[in-house]
1. Calculate one ³J(HN,Hα) per residue across region 94-108 by plugging θ = phi - 60° into the Karplus curve 6.51 cos²θ - 1.76 cosθ + 1.60, and present them in order as whole Hz with x for glycine and proline.
2. Can you tally the net charge around Val49? Count Lys and Arg as +1, Asp and Glu as -1, for every other residue whose Cβ sits under 15 Å from the Cβ of Val49.
3. Using the basic label-point model (7 angstrom from Cα toward the beta carbon), what is the Ile37 to Val77 distance in nanometres?
4. Given Cα positions, please report Rg to Rh for region 74-120, the hydrodynamic radius being the Kirkwood one.
5. Check Ile37: other-chain or 5+ apart residues with amide H under 5 Å from its amide H, H built from backbone geometry?
Amino acid sequence: MQRYLRPLIYLCAIFVAFTANGGAVSAQTFGPNGVPIYNSWQPGWDQYVFDRRHVVLGEVIGFQPYRVQIRRRNGNVQNVDLKNGTVILPTGATPTPGERVALLGYYSRGTFIVNRLVIR
């Protein structure tokens with residue numbers, strides 16, 4: 001039964017994207033673990049409309065290689081480890097204090113695994 005669940009979820013996502021765009025197929029693609037692949041800041045993120053399973057929004061407090069410290073909207077400060085291969089967009093940019101960022105990834109055993117970091 002589980003082997004049918006993932007394809008069913010993808011079909012539902014395609015149907016929702018198709019009907020939400022008036023019949024036009026969405027260009028959104030998905031990576032491993034069902035994580036949406038965003039290459040730039042999304043307009044809804046400014047109003048804090050986002051997929052809370054795959055996106056974490058915050059303001060950079062500090063950055064060092066493989067670690068970013070962010071302040072979430074509720075005021076909580078969170079240290080997030082970046083893995084080797086995490087993509088930082090725009091390419092070549094370095095997160096600096098005060099910038100808004102979106103961390104894209106997934107939760108695994110209570111830890112958020114970052115695949116991409118998009119700077120506002």
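1. With coefficients 6.51, -1.76 and 1.60, one gets 10, x, 10, x, x, 7, 8, 9, 10, 9, 10, x, 7, 8, 9 Hz.
2. +3
3. 3.6
4. 0.96
5. Thr29, Phe30, Gly31
All of the numbers you see were taken from the coordinates with simple rules; none came from a lab. Bear in mind the structure is a predicted one, so any value in this text is a computation, not a measurement. Cβ atoms come from the backbone with ideal geometry, glycine included; neighbour counts cover every protein chain shown.
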